[in-house]
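Let me begin by presenting the structure, written as structure tokens, before commenting on it.
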């Protein structure tokens, strides 16, 4: 979309000075009243959104209630989906003529360029082939190496050392926070296609305000891991039935500073994962079961949201979404109020999991710790285990994607 | 122009867009408003940017595969 923001109509009354070089002689005192938005205005993106929203609704699109940038239109078995990212439109569907039609309808009203088959979107490199779709950020990863002058560094097999623990005041010398923050920020963006470094980056980002040599060294180790896995990304394979499945896991009191645990979850249709999270819990769990239960709740909230969007896309999940948990006690708590002694301190909101289990939206099922994919999002792992899980969540190299 | 309103400054932004090989593609000029001079409640009230969650985008890709 070209100069998208100029399309938005303003509701507020805004006056601007005459632009330099275009001042009308003799009327220098006069100002302009804006009808449409200009770049730089605080409300410009909003005005643009109202405009495109109105236009898409006029074209008979429906807006997803759970994601206000997602639009869809069905007719019989054909569908078209539009995802809006400010001024980038990502269009997909199962009927080429419907898509072409949409494009020409849009071009009548807005000035835009058709970039054809998606190859590059939001910094993600997208490759479509007979096996499915592969996304990666190889170019961006190389830029990180260059930015931090680590192009020649030695690579590492895993992003984080298994034995190492981090805390706020480790006694080591403090480092320049600006550089540390910038590095973590860069790595954070890379997690868009690299769930394998999600845990390491999220862990290190807890020390943004007190970065020491130890933290900086660990962050550089992540970069060294990236160096050896530049071409890695996620492979989404072609699949027949879109059954959402999830994994939820937690570590146990992993944070030395406040003894809080870390939740992790991920979701897939059986091939590459597309939704994941690794986050320190808000409460201090008093047992492993409680920590796992809290992680399951986080996953449950995500399940509800994902199911709503899938329903919008006409892929309603008929059965309850199965979420794998490797802790029997956590599953028992979610089923049965009988564990009162151990759960009486649980906050009310954590009981909501029981309710949605009853509504058959989610079902916690037991899996062995070896099969717990979300393990990679909650704790540092050994090389062998890390590589197995990395492969299972769909992260692989550009070259070997055929085998995945 | 009403008494209580102040005009907001504008400026020209010039950019040189390069091709992949480093040659000059085009010279671009855009007029922008100095948005930092806007006052909440006077010049604007609600703001919002339509940004899709990455989860959604990746999900669409997983479905499209």
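Please report A:186, A:136, A:153 as a ranked list, fewest other C-beta atoms within 10 angstrom at the top and most at the bottom.
Neighbour counts put them in this order, fewest first: A:153, A:186, A:136.
Assuming R0 = 35 Å, can you tell me the calculated FRET efficiency for the pair residue A:154 and residue A:117, based on Cβ-Cβ distance, to the nearest 0.05?
It comes to 0.40.
When Cβ neighbours within 10 Å are restricted to other protein chains, what is their mean count per residue of peptide A:234-244?
Taking all residues of A:234-244 together, the mean is 2.
Specify the inter-centroid distance of the range A:332-389 and the range A:260-292, based on alpha-carbon positions, in whole Å.
8
At R0 = 22 Å, how high is the FRET efficiency between residue A:170 and residue A:284 if r is their beta carbon distance? Nearest 0.05 is fine.
The formula returns an efficiency of 0.55 here.
Give me a single rounded figure for A:268-277: the average over its residues of other chain Cβ atoms within 10 Å of their Cβ.
If you average over the peptide's residues, the count of other-chain Cβ atoms is 4.
Counting other beta carbons within 10 Å of each residue's own, what order do A:193, A:229 fall into, fewest first?
Going from least to most buried by this count: A:229, A:193.
If you line up the Cα atoms of the protein assembly as shown on their principal axes, what length do they span on each, largest first, in Å?
Per principal axis, max minus min of the Cα coordinates gives 81, 62, 49 Å.
Averaged across the residues of A:13-26, what count of C-beta atoms belonging to other chains lies within 10 Å of each residue's C-beta?
Per residue, the number of nearby Cβ atoms from other chains is 4 on average.
Taking neighbour Cβ counts within 10 Å as the exposure measure, how do A:209, A:215 sort from fewest upward?
Going from sparsest to densest Cβ surroundings: A:209, A:215.
Please report, to one decimal in angstroms, the Kirkwood hydrodynamic radius of the range A:1-61 built from all distinct Cα-Cα pairs.
By the Kirkwood definition, the hydrodynamic radius is 13.1 Å.
How do A:31-43, A:382-394 rank on mean C-beta neighbours within 10 Å, highest first?
Output ranking for A:31-43, A:382-394: A:31-43, A:382-394.
Return the whole-Å distance between the Cα centroid of the range A:49-104 and the Cα centroid of the range A:129-174.
For the range A:49-104 versus the range A:129-174, the Cα centre distance is 36 Å.
Hey, rough spin-label estimate for residue A:177 and residue A:365, points 7 angstrom out along Cα→Cβ, what's it come to in nanometres?
Here the modelled spin labels are 4.7 nm apart.
Report, in deg cm²/dmol and to the nearest 500, the calculated mean residue ellipticity at 222 nm for chain A, where each DSSP H run with n ≥ 4 adds -39500 (n - 2.57) and the sum is divided by the residue count.
Calculated from helices alone, the mean residue ellipticity at 222 nm is -10000 deg cm²/dmol.
Relative to the present Cα-Cα distance, how much length would full extension add between residue A:314 and residue A:22 at 0.36 nm per residue of separation?
Gain on extension, residue A:314 to residue A:22, equals 99.8 nm.
Taking square-rooted eigenvalues a ≥ b ≥ c of the alpha carbon gyration tensor, is the range A:133-222 rounded, prolate or oblate, where a/c under 1.5 means rounded and, failing that, a/b exceeding b/c means prolate?
Here the range A:133-222 falls in the prolate category.
Test of understanding: extend the Cα→C-beta vector of residue B:51 to 7 Å, then name every residue of the range A:54-97 with backbone N under 13 Å from that spot.
Correct set: A:85-87.
May I ask for the percentage of alpha-carbon pairs in the range A:123-186 that lie more than 17 Å from each other?
Taking all Cα-Cα pairs of the range A:123-186, the fraction more than 17 Å apart is 65 percent.
Each value in this text was obtained by applying a stated rule to the coordinates, not by laboratory testing. Small disclaimer: the values here were computed from a predicted structure and weren't measured. Here Cβ is always computed from backbone atoms with ideal geometry, including for glycine, and neighbour counts include all displayed protein chains.
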